[in-house]
Amino acid sequence: MKKMLLLFLFLFLTGCSLKPSIEVEGVEDKKIYTTEQTVQIDEKLAGQFTMKLNEEDIQPGHTIKENGAYKLEIEAKKWGIKETKTISFEIDDQPPNEPSFHDAPLDRYFKKAKLRLKRVEDVTYEFLLDGEPYMDTATEQDSSLIIYAEEGDHTFNIIAKKKNGLTSETTIPFSMNNTMFSREEIDLFYEIMFKTEEDDYMLGKWLSDTNVQVHGTPTDEDLEALESYLEQVNVILPIDLILVDNEAGRSPQNRIDIYFVPKNQFYDLGWDEDISGITGFTSYYPYYTGEGFGRSDIIVGIEEEERDRKLTILNLLLYSLGIPNRFDEDDSESIITPNSTDKIELSDEYKKMIEILYLGEIRLGMNETRIEKAIKHRIIEDE
C-alpha cells in the first residue's frame with residue numbers, strides 16, 4: 001500500500017497521467033484532404049496502443065496516398081485504463097468534372113438563355129455573368145439556369161466545387177439577340193431556303209470561325225470586292241470569316257477556298273457540265289462535319305467582265321454560307337442594293353436572310369415547320 005501511494009505521488013509530481021490520452025497528428029475527423037497524409041501519435045501520452053486503418057494494423061508514421069474514405073481506430077491503455085478514438089476522413093485529389101449540359105449551349109439567345117446544367121451530387125456551383133455573381137435559378141421542379149441579360153455579347157462562368165475544395169470551370173460566351181422579324185421576311189426566307197431545285201438540299205451553316213483563302217490570279221478589283229463582302233457579312237454573322245494568306249497553310253476543315261482561274265480549268269476543279277453561260281460555281285454543297293460545314297470551294301472564271309465577276313463572287317459566297325444559289329435565276333441581282341455601281345453592297349433582304357439563318361435557335365437540318373416553331377417568338381405577325 002505504501003509503494004502504491006509513493007507511485008501515485010511520483011506520477012503527480014512529474015505531471016504524468018494515469019489515464020491514456022490519444023493525440024493524433026496528420027489527420028482530423030471529417031476532413032477531406034487533397035494530398036497524402038502521414039499519421040503520427042504521441043506514444044508517451046497513449047501508453048500501449050494499437051492503430052487500425054480500415055481494419056488493417058498500422059504503425060505511427062504510416063503514409064496514406066490513395067484516394068478513398070478511411071476510418072482510423074485507435075485503442076490506448078495505461079494503468080488498466082482504456083481509451084478509444086475513431087477518426088473518419090477522406091483523401092480526394094480529383095477536381096470535379098467540368099460543368100456540362102444536357103443540351104449544347106447556343107451562341108445566341110432571345111431575351112433569355114436557358115441552360116440545362118447536369119448537376120452532380122456533392123458538388124456546389126457558383127455562377128458569374130460578365131464577372132459578377134449571378135443567382136442560381138434552379139427549383140425543385142426545374143433545375144435549369146435562366147440567364148437574363150441585355151442585348152449584346154456576354155460571358156457566363158460556371159464554377160463547380162467539391163467538398164475537397166477543388167474546382168473546375170466552364171466558360172460560355174454568348175450573345176443576346178432580341179431582333180424581331182416580320183412575317184414577310186420569314187416567308188421570304190422560306191422561299192429562298194426551301195424553294196430550291198436541289199432534291200437533296202439540307203439546311204446547314206458554319207458554326208465556328210472559318211478561314212478564307214484565295215488561289216489563282218485574282219485582280220486587285222476582285223480582292224477588293226471580296227474583302228468588302230467579307231466585311232459586310234462579318235457584321236451579321238456570329239462567327240468570323242477570316243481572309244488568310246496562302247503562306248498560312250490550309251487547315252483540314254473550316255475553310256473556304258476561292259479559285260480565280262480560266263474557265264477551261266473548271267473541269268479540273270469539279271465541274272462536269274457545259275461551261276458556256278456560267279461565270280463560276282461552288283462545290284455542290286459544303287460538306288458537313290458533326291459541327292456544321294467543314295469546307296467549301298468557290299471557283300470564279302477570270303474571263304468575265306469586272307462587274308460580272310463581282311456578282312459571281314458574292315453569289316457564290318452566299319451559297320457557301322448556306323443560302324441556296326440563285327445565280328442562274330433572272331433575279332440574281334436581287335442580292336445587291338439597287339443601283340450599286342462601283343462598290344456592290346449586299347441588299348437588306350439578303351442581310352436579313354443571313355441573320356435569320358444564323359440565329360441560334362435554327363439548327364442544322366431543320367425544315368420549314370421546325371424553324372417556324374423554333375423562332376415563332378421572333379415573328380411579328382401581320383395584323
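Here residue 10 meets the list (1) farther than 22 Å from residue 92 by Cβ; (2) at pLDDT 90 or above almost entirely, failing just condition (2).
Residues in the range 282-332 that are modelled with pLDDT under 85 and hydrophobic (A, V, I, L, M, F, W, C): 1 in all. If you go through the range 113-145 and keep only what is surrounded by fewer than 12 Cβ atoms within 10 Å (Cβ to Cβ) and either in a strand (DSSP E or B) or touching a helix residue (DSSP H, G or I) at 6+ places or on another chain (Cβ under 7 Å) (or both), you end up with 132, 133. Being buried (at least 17 other Cβ atoms within 10 Å of the Cβ) and under 23 Å from residue 122 (Cβ atoms) is the filter here; which residues of the range 23-59 pass it? Scanning the range 23-59 gives 27, 33, 37. Entry remark, the range 150-179: residues being in a loop (DSSP other than H, G, I, E, B), in contact with a strand residue (DSSP E or B) (Cβ under 7 Å, 6 or more places away or on another chain) and touching a residue at least 40 places away in the same chain (Cβ under 8 Å) number 4 in total. Scanning the range 230-264 for residues that are part of a loop (DSSP other than H, G, I, E, B), at pLDDT 90 or above and among the acidic types (Asp, Glu) gives a single hit, 240. In the range 71-104, how many are in contact (Cβ under 8 Å) with a residue 40 or more places away in the chain and under 30 Å from residue 159 (Cβ atoms)? Of the residues in that region, 13 qualify. Taking residue 67 as meeting all but one of (1) farther than 18 Å from residue 33 by Cβ; (2) surrounded by 12 or more Cβ atoms within 10 Å (Cβ to Cβ), write down the number of the exception. Among (1) farther than 18 Å from residue 33 by Cβ; (2) surrounded by 12 or more Cβ atoms within 10 Å (Cβ to Cβ), residue 67 violates only (1).
Counting only residues that are in contact with a strand residue (DSSP E or B) (Cβ under 8 Å, 6 or more places away or on another chain) and either in the same structural domain as residue 164 (by TED's automatic domain parsing) or outside any strand (DSSP E or B) (or both), the range 56-81 holds 6 of them. You will find that of 372, 361, 345, the residue that is within 30 Å of residue 308 (Cα to Cα), in the same structural domain as residue 185 (by TED's automatic domain parsing) and either surrounded by fewer than 15 Cβ atoms within 10 Å (Cβ to Cβ) or modelled with pLDDT under 90 (or both) is 345 and no other.
The values are calculated or read from the model by the stated rules, or taken from the named source; none is laboratory data. Note that the coordinates shown come from a computational prediction; the quantities given were computed from them, not determined experimentally. Neighbour counts are summed over all protein chains in view; Cβ atoms, including those assigned to glycine, are modelled from backbone coordinates with ideal geometry.
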